[in-house]
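**Q** I'd like to ask you about the structure that follows.
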């Protein structure tokens, strides 16, 4: 016969185990394809979310090569959050290899795609070149209005996969959407304060087309919509001519790309790099773009400072 103290200890252990089991069962297991989507997911999911992000901070989804651990993460997931618009060229094969039964959620659903001339590009998967002919710019998150659609799609996907947590997801999303609305207002106000003839920026690849369409900053780039594209001498010469026509243009490096090409462009145009923008990935946690909000604030601050000083 168990002594009272033993019975009490057993009861505590049983209760703890049951509580842990319920907490574990309540967690939603999700995979995000890259760091910006991962940040959105964490803001919505909060403590209920067990998240794996495939392409990490300062990583480039255009050229990412999946690892065996990625297939295991997909196999264990309830939800896989993807960008769509052809960004993750590695994803279809990874999904097939993983055998996952997770819901595959394309977060750009509901967003009007931005077509870019000459936007076709290659993805290299296991040494094989796979051509994507479409000229759709995939970087829709660069418009804050679009970021709100990403967040709403994540909320809906999490609610469907984990109905018990829906109230939490809806509340978290509501709070974050309010922050995004305030950010959108700040961006518009800052850009409107710039002289209309001083709104041209040069970056390595066309990651900011949706920012341009939403806010009115003109972005020029030699590489097109993918970092996998290579700029020809004619592309570079044409871009420098456009810079001279614009009279004022700020040249920026990107955190995910080699800066040598834009350094060359800046030098030949008689200027210097104005800093580094965060386009396709967040910075490390102690960097200037540790989450989406800080990324957008950082980029806005650098762009408006450079264009105001021209």
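**Q** So, in nm, how far is label residue 47 from label residue 160 when the simple model puts each one 7 Å beyond its Cα toward the Cβ?
**A** 2.8 nm
**Q** Taking one equal scatterer on every alpha-carbon of region 193-309, how large is log10 of I(q)/I(0) by Debye at q = 0.18 1/Å?
**A** Debye output, listed in q order: -0.90.
**Q** Does region 25-178 come out rounded, prolate or oblate, given a ≥ b ≥ c as the square roots of the eigenvalues of its C-alpha gyration tensor, rounded meaning a/c under 1.5 and, failing that, prolate meaning a/b above b/c?
**A** Oblate, because a/c is 1.5 or more while a/b does not exceed b/c.
**Q** On to the next question. R0 = 35 Å: FRET efficiency of residue 145 with residue 101, Cβ-based, nearest 0.05?
**A** Working: r = 33 Å, r/R0 = 0.94.
Efficiency for this residue pair is about 0.60.
**Q** How would you rank 297, 62, 139, going from fewest to most other Cβ atoms within 10 Å of each one's own Cβ?
**A** Final ranking by Cβ density, sparse to dense: 297, 139, 62.
**Q** Now a separate question. Can you list the residues of region 277-310 with backbone N under 13 Å from a point 7 Å past the Cα of residue 193, pointing along Cα to Cβ?
**A** Hits in region 277-310 for residue 193 at 13 Å: 300-309.
**Q** If you don't mind, another one. What whole-number distance in Å separates the alpha-carbon centres of region 131-176 and region 236-310?
**A** 27 Å
**Q** By how many nm would the segment from residue 67 to residue 92 grow when fully extended, if each residue of separation counts as 0.36 nm and the alpha-carbon distance is taken off?
**A** Extending this stretch completely gives an extra 7.6 nm.
**Q** Go ahead and run the numbers for FRET between residue 178 and residue 294, Cβ-Cβ distance against an R0 of 25 Å, rounding to 0.05.
**A** The calculated FRET efficiency here is 0.90.
All of the numbers you see were taken from the coordinates with simple rules; none came from a lab. Here the structure is a predicted model, which means the values were calculated and not measured. So basically every Cβ, Gly included, is an ideal-geometry build from the backbone, and we count neighbours across all protein chains shown.
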